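The values are calculated or read from the model by the stated rules, or taken from the named source; none is laboratory data. In this text, all values refer to a predicted model and were calculated from it rather than measured experimentally. As a convention, Cβ positions derive from the backbone with ideal geometry for all residues, glycine included, and neighbour counts pool all protein chains shown. Accessible surface areas use protein heavy atoms only, side chains included; no ligands, DNA or RNA. Shrake-Rupley method; radii C 1.70, N 1.55, O 1.52, S 1.80 Å.
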Amino acid sequence: MTGGNRYRYGSWRGGPDPLAPPYDVRAAVDQVGAEVLAGGSLRQALRDLLRRGPQGRGGLDDLTARARRLRREAMRRGNLDGAVTRAQALLDQALAAERDELAGRDDDDARFAQARLDNLPRSTARAVEELADYRWSSDEARGLYQQILDGLRGDVLEQRFAGIRDALRDPDPAARRRLEEMLTDLNALLDRHARGADTTDAFTEFMRRHGDFFPEKPGSVDELVDALARRAAAGERLMRSLSPQQREELSRLMDQAFGDGALADRMRDLTANLRTLRPDLGWDRAERVRGREDLGYGAAAGALEEIGELDDLLDQLGQEHPGATLDDIDVEAVQRSLGREAADDVRRLRELERELRRQGWVTRDGDGLTLSPKALRRLGGTALRRVFNDLSGRRRGQHDLRDAGAAGEVTGASRPWAYGDEQPLDVVRTVSNALRRGAAVPVRLEVDDFEVVETERRASAAVALCVDLSFSMISEGRWGPMKQTALALSHLVATRFPQDALQIVGFGRHALPLSREQLAAVEPDLVQGTNLQHALKLAGRHLRRHPGAEPVVLVVTDGEPTAHLEDGEAVFSWPPTLETVQATVVEVDELTRFGATLNLFMLGEDPGLRRFVEAVARRSGGRVFTPDADDLGRYVVSDYLRARRGRRAR
């Protein structure tokens, strides 16, 4: 209490929790990037972000699990034929009371009545029908019999209209006439709505006159239709869920309860109108609800309404249909079924998706969300940082199988040799240095005597990175390192060496050039085939588009060539045929004649692949590296950087 004022505190009811920590949009992008760099699917990673939720909380999977649990509970709620069972119990009680009354009489009317009761059909519904004109001797029996009809009629109406209880309890005939009037006006309103007429004013007037029948306070005709149609469809599903015998029993009892008057006609018209307006609610679907309790009509239909709403909710949360978005999820339905906190989770996920799009991290196409160029730059930067961390944290190791050292044009000059130089040795000047130093014959060389030929390197490079997309790359755990390597190199070239031209070429049974966006989203080729010939052909086209740049080709693969092109079609064979090897070597020779450096990064220890890459290296003057998958990025980026250092003027 402060200043005479009294304060009361309760749970927050004004929407999303204002104290809930906001989602970190950049962290969400990094979470997606981590999955992609680990070899995961880009689209699946984006789906997982929403399914698991950022930082693993409040995602669609949690909501789906809760909805499924509630559905299982509803499916075990009880037996759906409780309305028939209740009618049977009331009828038995009525007949027992009537027989007790007749037993005290010894007249012909009493004996005739007793005989009529003894010959009633075994069917509860048929027995109720035959007793429609029966003159009850027992007031108790008459009251029990009337409960069968009044109770069922009341259950049906109350299930369809949540605010009808008071009208049903009012014995005044005017209350029944008002109910019939409401149904007449409702059917007229729905008929106009179905014909596409403007019903704004008509709806306002309808709610002014009959709003007390609808405590949910719908704000439009569509909201009114949604509420009524869900309940009516549940009632129809209840009938479909019963056995044929149970269905006939309940149907006959309902006919008796409503009779042939105006109320029955209005209810049939209402069901037809709602079915026309909402045909997608599974009106004819049946459910197998079981349990120990016999459910009355209202409880049974309520269970089926809950199951139907949960089924719709599960479909929305599944996001499986083409073009699905979080906006498809009915937040009000989530709140009705799963509670306010669940609805808040959906709102936060929607806000996260909107922020990702607003800030330019993701875009949406026909297949769903995908990373934007801005996000891919961040992803490439992450990949490059990982590679540089490896470069600074570990030594490269000695894994070169061959180093031909070719590149550059000889200028005619030479310079003293320095550690790490790969240029050819200038033998004449090296020996001359030793002789000038005074060395006697035979000449004994010292380190300071050595000179290397100086070469003139081109200022820019055209680089083709050919990456294997065959299924073995993902099955052997090499898909993630491959993606990380390609994205890191792409980011390095774009940010540090924009004068260089990089083309990434992916190859499986066919080869194709890949942009950074396509690389992030690419999936493994499930069709057998390693078509290095096609990849090298595309690499050659890229190099020839940049004739003034130094040509460099880098190949990452874990299998020897098993496919090549013939007349534009891929021909596959395992084991590799001579034709495939020859076609691949033709492309190697074309690149070599163009002056390209061809370096190969061999993943795995396949003997056939080893023989092939060693032969290609000897033929092209390139090099072979055999890194572990986790070291692939270091090797490729280091090789590229070494080539750039070699292009500096000396």
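Would you confirm whether any residue within the range 597-607 is within 30 Å of Val493 (Cα to Cα), among the aromatic types (Phe, Trp, Tyr), over 44 Å from the mean Cα position of the chain (by Cα) and not in a loop (DSSP other than H, G, I, E, B)?
no
Could you tell me whether Leu349 is touching a residue at least 60 places away in the same chain (Cβ under 8 Å), within 21 Å of the chain's Cα centre (by Cα) and on the phi < 0 side of the Ramachandran plot? If you could, list the steps in order and put the result at the bottom.
Values: touching a residue at least 60 places away in the same chain (Cβ under 8 Å): yes; within 21 Å of the chain's Cα centre (by Cα): yes; on the phi < 0 side of the Ramachandran plot: yes.
Spelling it out, Leu349 is indeed touching a residue at least 60 places away in the same chain (Cβ under 8 Å), within 21 Å of the chain's Cα centre (by Cα) and on the phi < 0 side of the Ramachandran plot.
Looking at (1) open to solvent by less than 50 Å² (accessible area, probe 1.4 Å); (2) touching a helix residue (DSSP H, G or I) at 6+ places or on another chain (Cβ under 6 Å), which one does Pro576 not meet, given that it meets all the others?
The number of the failed condition is (2).
Check the range 638-645 and report whether any residue there is small (Gly, Ala, Ser), assigned to a helix (DSSP H, G or I) and at pLDDT 85 or above.
Initial filter on the range 638-645 (small (Gly, Ala, Ser)): 638, 643.
Next cut, assigned to a helix (DSSP H, G or I) only: 638, 643.
So of that shortlist, the ones also at pLDDT 85 or above come out as none.
Among the residues of the range 638-645, not one is small (Gly, Ala, Ser), assigned to a helix (DSSP H, G or I) and at pLDDT 85 or above, which makes the answer no.
Please go through the range 318-341 and give me each residue that is open to solvent by less than 20 Å² (accessible area, probe 1.4 Å) and in contact with a Gly (Cβ under 9 Å, 6 or more places away or on another chain), ordered by number.
Ala324
Could we say that Val443 is of a type outside the set (S, T, N, Q), assigned to a loop (DSSP other than H, G, I, E, B) and at pLDDT below 80 here?
On the way: of a type outside the set (S, T, N, Q): yes; assigned to a loop (DSSP other than H, G, I, E, B): yes; at pLDDT below 80: yes.
Against the criterion (of a type outside the set (S, T, N, Q), assigned to a loop (DSSP other than H, G, I, E, B) and at pLDDT below 80), Val443 qualifies.
Quick check on Ala629: is it closer than 30 Å to Val452 by Cα and either touching a Cys at 6+ places or on another chain (Cβ under 7 Å) or hydrophobic (A, V, I, L, M, F, W, C) (or both)? Can you show your working first?
Numbers: closer than 30 Å to Val452 by Cα: no; either touching a Cys at 6+ places or on another chain (Cβ under 7 Å) or hydrophobic (A, V, I, L, M, F, W, C) (or both): yes.
Criteria not met by Ala629.
Is there a residue being touching a residue at least 24 places away in the same chain (Cβ under 8 Å), in a strand (DSSP E or B) and surrounded by fewer than 22 Cβ atoms within 10 Å (Cβ to Cβ) anywhere in the range 557-570? Give the steps one after another, and end with the answer.
Just the residues of the range 557-570 that are touching a residue at least 24 places away in the same chain (Cβ under 8 Å), to begin with: 557-565, 570.
Of the ones still in play, those that are also in a strand (DSSP E or B) are 557, 563-565, 570.
Now drop any that are not surrounded by fewer than 22 Cβ atoms within 10 Å (Cβ to Cβ), which leaves 565, 570.
Looking for residues that are touching a residue at least 24 places away in the same chain (Cβ under 8 Å), in a strand (DSSP E or B) and surrounded by fewer than 22 Cβ atoms within 10 Å (Cβ to Cβ), one finds at least one in the range 557-570, hence yes.
Given Pro513, Pro481, Pro498, which one is open to solvent by 10 Å² or more (accessible area, probe 1.4 Å) and assigned to a strand (DSSP E or B)?
On the way: Pro481 fails: assigned to a strand (DSSP E or B); Pro498 fails: assigned to a strand (DSSP E or B).
After applying the criteria, what remains is Pro513.
Ala264 - would you say it is free of Cβ contacts under 8 Å to residues at least 12 places away in the same chain, among the small types (Gly, Ala, Ser), more than 27 Å from Leu314 (Cα to Cα) and not in a loop (DSSP other than H, G, I, E, B)?
On the way: free of Cβ contacts under 8 Å to residues at least 12 places away in the same chain: yes; among the small types (Gly, Ala, Ser): yes; more than 27 Å from Leu314 (Cα to Cα): yes; not in a loop (DSSP other than H, G, I, E, B): yes.
Against the criterion (free of Cβ contacts under 8 Å to residues at least 12 places away in the same chain, among the small types (Gly, Ala, Ser), more than 27 Å from Leu314 (Cα to Cα) and not in a loop (DSSP other than H, G, I, E, B)), Ala264 qualifies.
Would you mind finding the one in Ala162, Ala188, Ala174 that is modelled with pLDDT of 80 or more and among the aliphatic types (A, V, I, L, M)? Can you show your working first?
On the way: Ala162 fails: modelled with pLDDT of 80 or more; Ala174 fails: modelled with pLDDT of 80 or more.
Going through Ala162, Ala188, Ala174 in turn, the sole match is Ala188.
Given the conditions (1) touching a Ser or Thr at 6+ places or on another chain (Cβ under 8 Å); (2) more than 30 Å from Asp30 (Cα to Cα); (3) surrounded by fewer than 21 Cβ atoms within 10 Å (Cβ to Cβ), report the number of the one that Arg544 does not fulfil.
Just one mismatch for Arg544, condition (1).
Which residue is nearest to Ser638 (Cα to Cα), if the candidates are limited to the range 597-617 and must be open to solvent by 20 Å² or more (accessible area, probe 1.4 Å) and in contact with a strand residue (DSSP E or B) (Cβ under 7 Å, 6 or more places away or on another chain)? Explain how you work it out, then say what you get.
Step one: filter the range 597-617 for residues open to solvent by 20 Å² or more (accessible area, probe 1.4 Å), giving 597, 604-607, 610-612, 614-615.
Those still in the list that are in contact with a strand residue (DSSP E or B) (Cβ under 7 Å, 6 or more places away or on another chain) too: 597, 610, 614.
Working: Thr597: 15, Arg610: 22, Glu614: 20 Å.
Only one residue tops the list, namely Thr597.
Taking the range 97-130 as the search range and keeping residues that are in contact (Cβ under 8 Å) with a residue 40 or more places away in the chain and aliphatic (A, V, I, L, M), which one is nearest to Gln245 (Cα to Cα)? So that I can check it myself, show each step before the final result.
First, pick out the residues of the range 97-130 that are in contact (Cβ under 8 Å) with a residue 40 or more places away in the chain: 97-98, 101, 123-126, 128-129.
This time we only want the ones that are aliphatic (A, V, I, L, M), so: 97, 125, 128.
Details: Ala97: 27, Ala125: 11, Val128: 16 Å.
Taking the candidates together, the pick is Ala125.
Here's the yes/no breakdown for (1) closer than 30 Å to Gln44 by Cβ; (2) out of contact with any Lys or Arg (no Cβ under 9 Å at 6 or more places or on another chain):
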site	(1), (2)
Ser490	yes, no
Asp500	no, no
Ala521	yes, no
Gly548	no, no
Asp567	no, yes
Thr580	no, yes
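Exactly one condition in (1) open to solvent by less than 60 Å² (accessible area, probe 1.4 Å); (2) modelled with pLDDT of 90 or more; (3) under 56 Å from the mean Cα position of the chain (by Cα) is not met by Trp136; state its number.
With respect to (1) open to solvent by less than 60 Å² (accessible area, probe 1.4 Å); (2) modelled with pLDDT of 90 or more; (3) under 56 Å from the mean Cα position of the chain (by Cα), Trp136 is out only on (3).
Among the residues of the range 45-93, which ones are part of a helix (DSSP H, G or I), open to solvent by 50 Å² or more (accessible area, probe 1.4 Å) and under 30 Å from Ser123 (Cα atoms)?
From the range 45-93, those part of a helix (DSSP H, G or I) are 45-52, 54-56, 60-75, 82-93; that's our starting set.
In the following step, the residues that additionally are open to solvent by 50 Å² or more (accessible area, probe 1.4 Å) were identified as 47, 52, 55-56, 61-62, 65-66, 68-69, 71-73, 85-86, 88, 92-93.
Residues satisfying the conditions are Thr85, Arg86, Gln88, Asp92, Gln93.
Any residue in the range 188-209 that is open to solvent by less than 20 Å² (accessible area, probe 1.4 Å) and under 16 Å from Leu263 (Cβ atoms)?
For the range 188-209, residues open to solvent by less than 20 Å² (accessible area, probe 1.4 Å) and under 16 Å from Leu263 (Cβ atoms): absent.
Do you know which residues across the range 111-125 are surrounded by 15 or more Cβ atoms within 10 Å (Cβ to Cβ) and in a helix (DSSP H, G or I)?
The initial filter retains those residues of the range 111-125 that are surrounded by 15 or more Cβ atoms within 10 Å (Cβ to Cβ), namely 113-114, 117, 120, 123-125.
Selection gives Ala113, Gln114, Leu117, Thr124, Ala125.
Residues of the range 212-253 being open to solvent by 20 Å² or more (accessible area, probe 1.4 Å), in a helix (DSSP H, G or I) and within 20 Å of His193 (Cα to Cα), which ones?
Those that are open to solvent by 20 Å² or more (accessible area, probe 1.4 Å), in a helix (DSSP H, G or I) and within 20 Å of His193 (Cα to Cα): Asp222, Glu223, Asp226, Arg230, Arg231.
Can you tell me which residues in the range 254-292 are under 13 Å from Asn187 (Cα atoms), open to solvent by 30 Å² or more (accessible area, probe 1.4 Å) and not small (Gly, Ala, Ser)?
Asp265, Arg266, Arg268, Asp269, Asn273, Arg275, Thr276, Leu277
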